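Each reported figure results from applying straightforward, stated rules to the coordinates on display, with no laboratory input. Owing to the predicted nature of the structure, the values given are computational and were not obtained by experimental measurement. Cβ placement follows ideal geometry from the backbone for every residue including glycine, while neighbour counts extend to all protein chains displayed.
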Amino acid sequence: MGKFSIMVVDDSKTVRAEIRSILSKVQFEGEKLEIHEAEGFEDFKTRYEPDKYALVLTDLVMEEEQSGIRVVNYIRHELGDAKTRIVLMTANPEKVPLELLENDCDVNYFLEKKTLSELSLKICVIAMLKAYKNVIAFEKALGALENIVESSKARPLEETLIQTFFQIRSFLILKNPTLEVGGVIYLDGVKIFPPEFVSRQKSGNSYNHIFETDIAGKRIRMEITSSKRLSDVDVDYINSLLSSLKRAYFYSEMSDIESDLVLRLANLIEVRSEETGNHVKRVAEISHVLAIESGFDPTQANLLRQASALHDIGKVGIPDHILNKPGKLDEREFAIIKEHTLIGFEILRNSRLKTFELGALVALQHHERWDGTGYPYGLSGSEIALEARIVEIADVFEALTHNRCYRPAWPVEKAVEYIVEMSGKQFDPALVEIFRKKLKDIVDILETFKD
């Protein structure tokens with residue numbers, strides 16, 4: 001990925017110099033940071049280049065009382081950039097608009113200048129850069145999966161396998177630029193990559209990972225060598241590519257291969273948020289039950305079952321220390337975590353796969369509330385897509401009945417009482433009645449997919 005670029009926007013030359021001095025000592029992914037400066041909104045607007053910056057640190061009060069908010073709005077709304085991380089700095093926290101904390105999901109972190117230390121600034125910047133890298137890596141991984149699956153019918157298996165290897169290599173190096181990755185591919189015992197005329201040079205790769213499967217009646221063996229041990233997430237990603245490829249050669253319709261692909265992608269996120277893979281399975285199955293009872297035909301209900309697994313995909317862009325905080329989130333932390341709805345939508349919205357298209361909608365709206373007090377847009381009633389209303393009940397009930405880092409699991413009876421109590425407030429009253437009607441089936445799902 002190369003050097004990460006940061007823009008510091010502040011009308012104080014002294015503050016900019018202090019931040020530059022601190023961040024000039026920071027290395028990320030083995031590279032020094034590329035630091036740029038602007039002295040206010042108007043100066044920022046002339047200097048800022050879309051898709052160039054991983055992080056923008058902006059003061060709140062500059063040439064105008066709300067200049068920092070103008071910086072945020074320019075990036076998020078005028079340019080439509082949801083990936084660049086934004087940190088709002090202020091010496092006067094009381095001047096941060098309350099609605100920004102309550103309703104706006106555009107700011108990723110808040111820093112108070114009065115209590116800002118060298119350590120806290122470094123921790124914040126590293127956390128933001130990790131979140132940015134995760135969003136970019138996940139977006140590329142999603143595109144790789146789509147491209148391999150869609151192109152599998154148009155080219156010979158040998159070419160697709162080689163393309164798959166390079167997608168794997170790109171994904172692993174994007175996550176860890178210092179990683180060395182090599183590979184050998186065998187098709188029915190015959191080496192097809194690398195070609196015989198390519199001399200194999202010695203490498204420092206001391207880890208060998210073997211992946212074997214059968215595709216289109218042929219035995220595939222892919223050996224991935226690396227200079228460091230691959231993580232469970234890396235291995236699962238490689239398995240997801242090969243599994244999706246296998247299904248693509250077996251089925252003629254794209255919709256037939258999406259379920260496994262979606263679950264594996266969703267599980268990558270659950271690993272980060274310290275939830276189990278069974279969380280997404282339980283939410284998916286409960287959503288399916290509610291959808292069928294709500295009048296969805298089997299095809300629509302199955303599509304929602306798959307798409308519901310992607311509801312929290314945007315958590316890939318939330319810093320770990322907030323995502324897994326063992327206590328209640330404060331106002332500013334909650335404002336940050338709310339952004340996962342927009343990140344998820346941004347990652348999925350341009351997909352060519354039906355499951356991901358619906359997943360984008362569900363990711364965006366599953367925290368809206370029936371009474372209009374939810375986020376990110378404060379939609380109410382039927383303004384919220386029925387699919388999102390269904391997933392919200394499934395997600396909340398599943399979460400309440402299982403342990404989380406910030407509280408122990410509730411008994412089923414207490415969780416049911418909460419769902420009923422929030423009818424007409426948080427939840428669609430008609431869906432709450434369906435939930436009560438199908439409660440036995442829903443509880444059976446919790447038992448079937450126990451951790």
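Normalised size of segment 274-451, defined as Cα radius of gyration per 2.2 N^0.38 Å with N residues, equals 0.97. For segment 12-97, GluC sites (Glu not before Pro) are listed when DSSP marks them as loop and at most 14 other Cβ atoms sit within 10 Å of their Cβ; the list is Glu63, Glu64, Glu65.
Here the Karplus curve 6.51 cos²θ - 1.76 cosθ + 1.60, taken at θ = phi - 60°, turns the phi angles of segment 177-183 into couplings of x, 8, 6, 9, 10, x, x Hz, with x standing for Gly and Pro. Taking each of Lys3/Lys175; Lys13/Lys114; Lys140/Lys246; Lys228/Lys338; Lys3/Lys328; Lys140/Lys315 in turn, the alpha-carbon distance tops 25 angstrom for Lys228/Lys338; Lys3/Lys328. Summarising the amide proton neighbourhood of Met89: residues at separation of 5 or more, or on other chains, whose placed amide H is nearer than 5 Å comprise Thr58, Asp59, Leu60, Leu111.
The phi-based Karplus calculation (6.51 cos²θ - 1.76 cosθ + 1.60; θ = phi - 60°) puts the 3J(HN,Hα) values of segment 417-426 at 4, 5, 4, 5, 4, 8, 4, x, 10, 8 Hz, whole numbers, x for Gly and Pro.
Computed from phi, the 3J(HN,Hα) profile of segment 20-28 under the Karplus parametrisation 6.51, -1.76, 1.60 (θ = phi - 60°) reads 4, 4, 5, 6, 5, 8, 8, 10, 10 Hz, with x in place of Gly and Pro.
For segment 411-451, applying the loop criterion from DSSP together with a ceiling of 14 other beta carbons within 10 Å to the trypsin sites (Lys or Arg not before Pro) yields Lys425, Lys450.
So which lysines can Lys440 reach, going by Cα to Cα under 23 Å and dropping same-chain residues fewer than 8 places off? Filter leaves Lys281, Lys414, Lys450.
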